[in-house]
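Visitor: Quick one: this structure, given as structure tokens, is what I'll be asking you about.
Every number here is computed from the coordinates shown, using simple stated rules; none is lab data. The model shown is predicted, which means the values in this text are computed figures rather than measured ones. As a convention, Cβ positions derive from the backbone with ideal geometry for all residues, glycine included, and neighbour counts pool all protein chains shown.
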Amino acid sequence: MSRNRSRISSWFPSGGSVTGFAAVAVLTWIVVEVGLRGGGVWILADVVGSARGADVIFLAVGFPLLAYAIALGGMRRGIAPSDWDYDISLRSIGPALASVVVYYVVIGAFTVGYTQIVGTPQSAAASTALAESVGGTLWIAAMLFLANGIIVPITEELAWRGVIQTALMDSYGTYVGGVLTAVAFVGKHLIVDGGASVLRLVSLVVLGFVLCGLRARYGTTSSTVAHLVANSIATASVVFIAL
């Protein structure tokens, strides 16, 4: 729970304004990301000569701008930077690293079980396709790691856990606010990606709830570290295949 809940609640006694802001922030992020990574990519692809290159550029530039806009909107409604709950300490970083290990153990176990019962997950083919889209181009591989491995988790955590989850927890309480944020976060990825394989869906759900749980219990630094490590590992594996 944010440290200044009583102050925020006194500004918004009904919680309606903060809740409405959270809903608008979620919708805005989805619409802008779909626009940038949909139509925008094909426009920029003609300039840089690669759709994947255009996509990672939009990630690197668009996500920080989106996060900034949502953070600014939150501050104008009383969700100050102190409410984002960034606290760099062993108490926040330790659980984050442990959660990443648990996340990969769970996903690994599910993947093995799924492979034994159904066959090779579609996500494996998707990872290969992503690597192939890099085309062995060094600058695209480097930008992919920088954007998806570092910039995306930092900016998504600021907007989704630092601001949006704070608003929802202040309106509905820690548990309901966390669940709503996790569901919205998973839904955002499904909409932007145009669906997901079973393994991808399970991965999103587990990661979404882990990140929201970390933010609620240990703060946004904790969820950011976990997101950074998870994304960096996944992206580094794709870059390794690509090169």
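Visitor: Tell me, what ³J(HN,Hα) does each residue in region 25-34 have, in order and in whole Hz, if you take phi through Karplus 6.51 cos²θ - 1.76 cosθ + 1.60 with θ = phi - 60° and put x for Gly and Pro?
Guide: 4, 4, 4, 4, 4, 4, 4, 5, 5, 4
Visitor: Please give the net charge around Trp160, taking every other residue with its beta carbon less than 10 angstrom from that of Trp160, where Lys and Arg add +1 and Asp and Glu add -1.
Guide: Neighbourhood net charge equals +1.
Visitor: Continuing with this model, one more query. Which value, in debye to the nearest 20, describes the size of the charge dipole of region 48-184 about its Cα centre when Lys and Arg Cβ atoms bear +1, Asp and Glu Cβ atoms bear -1, and nothing else is charged?
Guide: For region 48-184, the charge dipole is close to 60 debye.
Visitor: Let me ask something else about it. Which order, highest average first, do 23-31, 40-48, 105-113 follow once you tally other Cβ atoms within 10 Å for each residue and take the mean per peptide?
Guide: Taking the mean over residues of other Cβ atoms within 10 Å, the ranking is 23-31, 40-48, 105-113.
Visitor: Report the one residue of Leu144, Val205, Ser50 whose Cα lies farthest in the direction of the positive end of the charge dipole of the chain (charges on C-beta: Lys and Arg +1, Asp and Glu -1; origin at the Cα centre).
Guide: The Cα lying farthest towards the positive end belongs to Val205.
Visitor: Further question: For the chain, go through all pairs of different Cα atoms, get the mean of 1/r, take its inverse, and jot down that Kirkwood value in Å.
Guide: One decimal place: 18.6 Å for the Kirkwood radius.
Visitor: Check which residues have an amide H placed less than 5 Å from Asp87's amide H, if you skip close sequence neighbours.
Guide: The list, which skips near neighbours in sequence, is Thr220, Thr221, Ser222.
Visitor: How large is ³J(HN,Hα) for each residue in region 112-117, as worked out from phi by the Karplus curve 6.51 cos²θ - 1.76 cosθ + 1.60 (θ = phi - 60°), to whole Hz, x for Gly and Pro?
Guide: Residue by residue, region 112-117 yields 4, x, 5, 4, 5, 8 Hz.
Visitor: Ala69 to Ile117: FRET efficiency via 1/(1 + (r/R0)^6), r the Cβ-Cβ distance, R0 51 Å, to the nearest 0.05?
Guide: The pair Ala69/Ile117 has a calculated efficiency of 0.70.
Visitor: Nearest 20 debye, what's the magnitude of the dipole of the chain about its Cα centre given +1 on Lys and Arg Cβ and -1 on Asp and Glu Cβ?
Guide: Roughly 560 debye, rounded to the nearest 20.
Visitor: By counting other Cβ atoms within 10 Å of each Cβ, how are Leu201, Leu36 ranked from fewest to most?
Guide: Exposure proxy ranking, most exposed first: Leu201, Leu36.
Visitor: Using a Förster distance of 22 angstrom, determine the FRET efficiency expected from the C-beta separation of Ala80 and Leu27, and round it to 0.05.
Guide: For Ala80 and Leu27, the calculated efficiency is 0.45.
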